[in-house]
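Reviewing the structure listed below.
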Amino acid sequence: MDELILYTEHFNFYYGNFHALKNISMGMEAHKVTALIGPSGCGKSTFLRSLNRMNDIIPGTRVEGKVIFDGNDIYEKNVDVVDLRRKIGMVFQKSNPFPKSIFDNVAYGLYINGERNKSIIADRVEESLTGAALWDEVKDRLDKSALDLSGGQQQRLCIARALAIKPEIILMDEPASALDPIATQKIEELIFELKNEYTIVIVTHNMQQAARVSDFTAFFYLGELIEFGDTERIFTNPKLKKTEDYVTGRFG
Amino acid sequence: MKRKWRDMEQALGFTVLRLSAVIIIVILAFILYDVFSKGAGVINWEFLSDKPRKGMTEGGIWPAIVGTFWVSLVTVIVSVPIGMFTAIYLNEYAKQGRLIRIIRLAIRNLSGVPSIVYGLFGFALFTLMLNLGLSVISSGLTLGLLTLPWTITASEEALKTVPRSYREGALALGATKWQTIRTNVLPYAVPGMLTGTILGLARAAGETAPILFTGVAFFWPVLPKFPQMLSQQFMALPYHLFIMSTQHHEIVKVRPLAYGTALVLIFLIVLMNSVAVVIRYRFRKKYKRV
């Protein structure tokens, strides 16, 4: 593998006594799309949320092992979580635009990071919306409520919001699972565009989607990383029977 | 046959439910009619703007209106910040566990403590121990304590209505916890907090027992002036009503004045509740469409 921007070493995660992730070691290459697949409850979303420490806000959770980003363990005591999340952005399963205007949604990340220069903010909002393939659809109504957008537009707005603070990695937690096929296709095309500039880790339930958008695929089952490798190989020539059964739809 | 029984059951259910709602409305309408029909006659400019005269058989209730206003204001100043901050702490910052459960239980129980107990406590603490005397301040603080559980509970409920996704979305963009709360939780919770607070305040404004111990006067001859009145005794609408209807030496003669006082008190409380309704309505509209 080339350059690993983010990798885990013997990573374990616990919800109270429940051992949700068992000894996960894997890496994400820069400017590639890594897909996490597996049946519900296999730990793929938990793993994704561990990568920018979003699980910190859930009481009673605990981690062991390391997650190395830019050469440092993000679970070290002296790590600034706020700064980490600025560099590792996230898009959620259910699009969650804030009840603000379209413009203010995208500008929010800049605002909380202390940016007050109006022209810089305006430029970055346009750039981010363009990056999220939404600009043409909303440029005439930036001051309208984000909640009036369609589901697919809302999700692209959330992607634009994440892009605005120029993260290095974008984590996507089933970003298209609540969308219709056309909106899903747009998101997938967008992911393909975004990997030129960003590293993307995506959780998906949809195996065709993983096969279409990702370069690498990791198959999780019952909290364990069963198999990890090139997407093409995982889907055409998996080493393990369990992986083959899952990707061919024999269970899930 | 079976079908028929189901329909009857449903009709019976609806009737009971509808009847319950109607009973509430009838009771309210009856109270309002009673107070209005007996009290409206005495309402005029003099009644609202003058002080009681001739042993309270003539004149107005202006000092009582002013007294209730200032006491309520002190109540708000005490209750709103402490209540909101407590709710924010409990809901957003505190580590949920046994201690927090005990605190919550204490708050719930506090809201069930009879108001006369608050009066006694306020008298011991504010009037005597802190030497604030019989005054607007003492009464306002006591009523502040009385409304605190309501403010906290309402504020917590308001915070809970803000979806978790707003918090997560902000945190994922690198917002600190306080930034998240300030910019992406409070703006959507404050109207709900205010609504609950106003309802609590409306209740406090009608309370008699707590102020009875801590500062309300049977009759205070000078028209109250800010700010010296804050440290003086005062008249208040609920207590004035109590005096006029039970303690006065010419009780039959002043009965219309008592009803007039009741009408003004009810009007003030309806006014406060209306403000709460308006705030809530705007809040809902804003939530839907920014």
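The values are calculated or read from the model by the stated rules, or taken from the named source; none is laboratory data. Because the structure is a prediction, the values reported are computed rather than measured. When we count neighbours, we look across all protein chains shown, and the Cβ atoms used for this are built from the backbone with ideal geometry, even at glycine. Remember, those area values only see protein heavy atoms, side chains included, never the ligands or the DNA or RNA. Shrake-Rupley method; radii C 1.70, N 1.55, O 1.52, S 1.80 Å.
Miscellaneous remarks
- Count of residues meeting criterion [in contact with an Asp or Glu (Cβ under 9 Å, 6 or more places away or on another chain) and over 30 Å from A:Asp80 (Cα atoms)] in the stretch B:157-192: 1
- Filtering A:Lys239, A:Lys195 for residues that are among the basic types (Lys, Arg) and free of Cβ contacts under 8 Å to residues at least 24 places away in the same chain leaves a single hit, A:Lys239.
- Unmet criterion (only one of (1) open to solvent by 70 Å² or more (accessible area, probe 1.4 Å); (2) more than 14 Å from every other protein chain (Cβ to nearest Cβ); (3) of a type in the set (A, V, I, L, M)) for A:Ile226: (1)
- Checking each residue in the stretch B:206-239 for being open to solvent by 10 Å² or more (accessible area, probe 1.4 Å), hydrophobic (A, V, I, L, M, F, W, C) and within 30 Å of B:Glu156 (Cβ to Cβ) picks out B:Ala209, B:Phe213.
- Residue list for the stretch B:139-155, filter: within 16 Å of B:Gly206 (Cβ to Cβ) and of a type in the set (Val, Ile, Thr): B:Thr142, B:Thr147
- Odd one out for A:Ala176, checked against (1) in contact with a Ser or Thr (Cβ under 7 Å, 6 or more places away or on another chain); (2) in contact (Cβ under 8 Å) with a residue 24 or more places away in the chain; (3) not in a loop (DSSP other than H, G, I, E, B): (3)
- Conditions (1) open to solvent by 70 Å² or more (accessible area, probe 1.4 Å); (2) within 16 Å of the chain's Cα centre (by Cα); (3) closer than 18 Å to A:Ser95 by Cα; number of the one not met by A:Lys166: (3)
- Wholly within the stretch B:120-226, helices (runs of 4 or more DSSP H) carrying at least 3 residues that are away from chain A (no Cβ under 14 Å): B:136-160, B:186-205, B:209-214
- Considering B:Gly133, B:Gly67, the condition of being touching a His at 6+ places or on another chain (Cβ under 9 Å) and in the same structural domain as B:Thr176 (by TED's automatic domain parsing) is satisfied by B:Gly67 alone.
- Residues that are more than 15 Å from B:Phe234 (Cα to Cα) and buried (at least 23 other Cβ atoms within 10 Å of the Cβ) within the stretch B:120-141 comprise B:Gly122, B:Phe126, listed in sequence order.
- Contact map, the stretch B:91-115: residues that are in contact (Cβ under 8 Å) with a residue 12 or more places away in the chain paired with residues that are surrounded by 10 or more Cβ atoms within 10 Å (Cβ to Cβ) and part of a loop (DSSP other than H, G, I, E, B), Cβ distance under 6 Å, separation 6+ or inter-chain. Pairs shown: B:Ser115/B:Glu207.
- Tally of residues being open to solvent by 70 Å² or more (accessible area, probe 1.4 Å) and at pLDDT 95 or above across the stretch A:24-35: 0
- Restricting B:Glu250, B:Glu207 to residues that are touching a residue at least 12 places away in the same chain (Cβ under 8 Å), more than 18 Å from B:Leu73 (Cβ to Cβ) and of a type in the set (Asp, Glu) narrows the list to B:Glu250.
- Listed conditions (1) outside any helix (DSSP H, G or I); (2) open to solvent by 20 Å² or more (accessible area, probe 1.4 Å); (3) under 26 Å from B:Ala170 (Cβ atoms) are all met by A:Lys186, apart from (1).
- Extreme residue, surrounded by the fewest Cβ atoms within 10 Å (Cβ to Cβ), among residues of the stretch A:100-140 that are under 22 Å from the mean Cα position of the chain (by Cα) and part of a loop (DSSP other than H, G, I, E, B): A:Asn113
- For beta carbons closer than 6 Å, sequence separation of 6+ or different chains, a first residue in the stretch A:64-90 that is within 13 Å of A:Ile5 (Cβ to Cβ) and a second that is in a helix (DSSP H, G or I) and open to solvent by less than 40 Å² (accessible area, probe 1.4 Å), the qualifying pairs are A:Ile74/A:Leu84.
- For B:Ser79, the requirement of being part of a helix (DSSP H, G or I), surrounded by fewer than 14 Cβ atoms within 10 Å (Cβ to Cβ) and among the small types (Gly, Ala, Ser) is not met.
- Residues of the stretch A:57-99 that are among the acidic types (Asp, Glu) and either open to solvent by 80 Å² or more (accessible area, probe 1.4 Å) or touching a Cys at 6+ places or on another chain (Cβ under 7 Å) (or both): A:Asp70, A:Glu76, A:Asp80.
- Complete set of residues in the stretch B:142-181 that are in contact (Cβ under 8 Å) with a residue 60 or more places away in the chain and surrounded by fewer than 19 Cβ atoms within 10 Å (Cβ to Cβ): B:Lys160, B:Lys177
- Close pairs from the stretch B:43-55: first free of Cβ contacts under 8 Å to residues at least 40 places away in the same chain, partner open to solvent by less than 50 Å² (accessible area, probe 1.4 Å), Cβ under 8 Å, at least 6 apart: B:Glu46/B:Gly59; B:Glu46/B:Gly60; B:Ser49/B:Gly60; B:Asp50/B:Gly59; B:Asp50/B:Gly60; B:Arg53/B:Gly59
- Among the residues of the stretch A:19-62, the ones that are under 25 Å from B:Asn91 (Cα atoms) and out of contact with any strand residue (DSSP E or B) (no Cβ under 9 Å at 6 or more places or on another chain) come to 3 in all.
- Tally of residues being in contact (Cβ under 8 Å) with a residue 12 or more places away in the chain and not in a helix (DSSP H, G or I) across the stretch A:141-173: 15
- Boolean, A:Phe235 is at pLDDT 95 or above and closer than 16 Å to A:Leu36 by Cβ: no
- Hits in the stretch A:33-88 (condition: more than 14 Å from chain B (Cβ to nearest Cβ), closer than 18 Å to A:Lys22 by Cα and assigned to a loop (DSSP other than H, G, I, E, B)): A:Gly38, A:Pro39, A:Ser40, A:Gly41, A:Cys42, A:Gly43, A:Tyr75
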